[in-house]
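The values are calculated or read from the model by the stated rules, or taken from the named source; none is laboratory data. Note that the structure is a prediction, hence the values are computed from the model and not measured. As a convention, Cβ positions derive from the backbone with ideal geometry for all residues, glycine included, and neighbour counts pool all protein chains shown.
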Amino acid sequence: MDTRIFFERIHNKLNNKFHILWFTGMSGSGKTTLAIYAKKVCKDLGYKVKIIDGDDIRSSDEKKLSFDYNDVCLNNLRIAQLCLDLKDHDVDIVIVPIISPYKKVRRKVKKLLEPFIHLIYIKADIESLKERDTKGLYAASDSGEIDNLIGYSSKNPYEEPSNPLMIIDTGNKTNIKESKNILYDYILNEIFNFQ
């Protein structure tokens, strides 16, 4: 197919609809890596894209939020509201790579952001996460420096989503290229509805 026709069909399918790709998963699972890739794919197709990273939001707060249940909930709901604010600033697609560990809060976020939200679970087993440990959080938890690592500490669980629109497994038995290909297909078929 002619490239120009391909892009025209994608643009016609989008019809200026607003989309939010909400990536949930444990620390180190690959959410940010896949968010950056998704941003490139969407930008290459000519859309205005914004990534909202949970760590960036936390670092900009005057009052630093903790990682206890109430502060995590507050942070997630703030980010959801920011997504809606961006809709009014001509952003086509917002990508949110954030742990968002609690089912109850994800339900609130989903209710707030429907019909725009695409909940995507970036899943990796603990062994893979510990081996990667890009931020040193799992080692710090094992050594007792931190005692509330989400999904690793018994007192701060990660509750797996029961009904995500997609699961992308990023454990060590998969490679990043496979994960990107799965995400690329999802973006074309479910965001741009190009089938």
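Residues in the stretch 109-125 that are touching a residue at least 60 places away in the same chain (Cβ under 8 Å) and either surrounded by fewer than 15 Cβ atoms within 10 Å (Cβ to Cβ) or not hydrophobic (A, V, I, L, M, F, W, C) (or both) were compared, and the one that is farthest from residue 158 (Cα to Cα) is 118. Could you look through the stretch 151-166, keep only residues that are free of Cβ contacts under 8 Å to residues at least 60 places away in the same chain and touching an Asp or Glu at 6+ places or on another chain (Cβ under 9 Å), and pick out the one that is surrounded by the most Cβ atoms within 10 Å (Cβ to Cβ)? Result: 166. Of all the criteria given as (1) over 16 Å from residue 25 (Cα atoms); (2) in contact (Cβ under 8 Å) with a residue 12 or more places away in the chain; (3) surrounded by fewer than 13 Cβ atoms within 10 Å (Cβ to Cβ), the one not satisfied by residue 135 is (1).
Consider the stretch 30-71 and keep the residues that are modelled with pLDDT of 70 or more, out of contact with any helix residue (DSSP H, G or I) (no Cβ under 8 Å at 6 or more places or on another chain) and not in a helix (DSSP H, G or I). The one that is surrounded by the fewest Cβ atoms within 10 Å (Cβ to Cβ) is 68. Considering only residues of the stretch 155-190 that are part of a helix (DSSP H, G or I) and β-branched (Val, Ile, Thr), which is modelled with the lowest pLDDT? Filtering the stretch 155-190 for residues that are part of a helix (DSSP H, G or I) and β-branched (Val, Ile, Thr), the one modelled with the lowest pLDDT comes out as 176.
Per-residue answers, yes or no, for (1) free of Cβ contacts under 8 Å to residues at least 12 places away in the same chain; (2) in contact with a His (Cβ under 7 Å, 6 or more places away or on another chain); (3) of a type in the set (A, V, I, L, M, F, W, C):
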{"residue": "139", "(1), (2), (3)": "yes, no, yes"}
{"residue": "149", "(1), (2), (3)": "no, no, yes"}
{"residue": "169", "(1), (2), (3)": "no, no, no"}
{"residue": "174", "(1), (2), (3)": "yes, no, no"}
{"residue": "178", "(1), (2), (3)": "yes, no, no"}
{"residue": "187", "(1), (2), (3)": "no, no, yes"}
{"residue": "192", "(1), (2), (3)": "no, no, yes"}
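Those residues that are closer than 25 Å to residue 45 by Cα and small (Gly, Ala, Ser), I need them from the stretch 140-189; list them, please. Answer for the stretch 140-189, where residues must be closer than 25 Å to residue 45 by Cα and small (Gly, Ala, Ser): just 179.
Residues that are part of a loop (DSSP other than H, G, I, E, B) and within 16 Å of residue 35 (Cβ to Cβ) within the stretch 98-134 comprise 98, 99, 100, 124, 134, listed in sequence order. Taken over the stretch 167-188, the criterion of being among the polar types (S, T, N, Q) and either more than 18 Å from residue 22 (Cβ to Cβ) or touching an Asp or Glu at 6+ places or on another chain (Cβ under 7 Å) (or both) is satisfied by 172, 174, 175, 181.
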